[in-house]
Structures are given as C-alpha cells and as structure tokens.
Amino acid sequence: MSTRGEQAMQVLSKFGELAWFKLPVERNPTNGYLQMPYMGWRYTSPREEVAELIEDAVSALPTQVDWTLDRTRRNWVLVPTRALREAQGLANPAFSDVVHSINVQDQEFCLKALSDFKLIIQHLRQINFIQPPCEG
C-alpha cells in the first residue's frame, strides 16, 4: 500500500476500527496519468456522529472541487461530487467508466482533486477525537 493510503487509513482509524479500506493509486500504473482520488472504507461499528464529523470537516475546507461523503451503501465513499453526478450514483455500474473517463480526459480536474485529497487528510489528522469506551 502506498504511503498516501497508509496515512489515510491511519487518519480514518482514529474515528473507529476499520473493517475495510480502499484508495486507488495516484497514477495509473500502466499509462502514468493522474487518477481522480476517491476513498472507500467501512467501520466495524459505523456511527452517525463520525460521519457528520467527517462531512463537516470536508465541507469546511476551501477545496478546489466539491466533495461528497456517500453513505448510501455499506461502505462509505469520499468522492468528488462530479463523479457521483456524472455516474448518477455509486450504485450505477457505469461509475468506474465515469472515473476512467475523468482520469483520461480531465487531468486538470484530477490534479485539483488530488491536491484537495491531501488537504482533506491533513485536516482530518488535526481533528481531536476521543472514541467513546466500548460498551459491553
């Protein structure tokens, strides 16, 4: 896993135990073009206050592109809103085609989104969050 992926996992882990995590690589390994970042993860025990904290933190940043924390499915996905809009949601099988199209046709957007993603991870890292004690 890339350093960027490890940093993102570490940041998300402070808000709860991760059951699953995925972050595509920054550059396409075959063709070398930049890839639009989006990050998917699932907590073992998802909590509404964590989702709201992440949403509020992301929306408070001066990002270059709009971002959405999509929680419509089992896994949470932080993704540029443009990709969700063009794919008409994550459930659409065309989502990966839309991401590929953006990657190939709009490197400027990918560069802006990558810059934003770094800012988002830095900002989430700075949030003080104390996990409540385990119930049991």
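The values are calculated or read from the model by the stated rules, or taken from the named source; none is laboratory data. Note that this is a predicted model, so its numbers are computed, not measured. Note that each Cβ is placed from the backbone with ideal geometry, even for glycine, and that neighbours are counted across all protein chains shown.
Points to keep in mind about this one:
- The residue list G16, G32, G40 contains one member that is more than 20 Å from R125 (Cα to Cα), of a type in the set (G, A, S) and not in a helix (DSSP H, G or I), which is G32.
- Counted residues, the stretch 55-83 - those being touching a Leu at 6+ places or on another chain (Cβ under 7 Å), part of a helix (DSSP H, G or I) and under 25 Å from V98 (Cα atoms): 2
- Filtering R73, R82, R42 for residues that are of a type outside the set (S, T, N, Q) and at pLDDT below 95 leaves a single hit, R73.
- For E52, the conditions (1) closer than 23 Å to S2 by Cα; (2) surrounded by fewer than 17 Cβ atoms within 10 Å (Cβ to Cβ); (3) under 17 Å from the mean Cα position of the chain (by Cα) are fulfilled apart from (1).
- The residues in the stretch 58-85 that are among the aliphatic types (A, V, I, L, M) and surrounded by fewer than 16 Cβ atoms within 10 Å (Cβ to Cβ) can be counted, and the count is 2.
- Checked against (1) at positive phi; (2) buried (at least 16 other Cβ atoms within 10 Å of the Cβ), Q88 passes all but a single condition, namely (2).
- Flag for T68 being over 16 Å from V11 (Cβ atoms), within 11 Å of the chain's Cα centre (by Cα) and of a type in the set (S, T, N, Q): yes
- Taken over the stretch 66-94, residues that are of a type in the set (A, V, I, L, M, F, W, C) and over 18 Å from F117 (Cβ atoms) amount to 3.
- Candidate set from the stretch 61-101 (those that are among the aliphatic types (A, V, I, L, M) and touching a residue at least 40 places away in the same chain (Cβ under 8 Å)); member that is nearest to H123 (Cα to Cα): L61
- Across the stretch 43-54, the qualifying residues are those that are assigned to a loop (DSSP other than H, G, I, E, B) and among the hydroxyl-bearing types (S, T, Y), and the one among them that is nearest to Q10 (Cα to Cα) is T44.
- Residue count for the stretch 13-34, restricted to those that are surrounded by 13 or more Cβ atoms within 10 Å (Cβ to Cβ), of a type outside the set (K, R), in contact (Cβ under 8 Å) with a residue 24 or more places away in the chain and over 22 Å from C110 (Cβ atoms): 4
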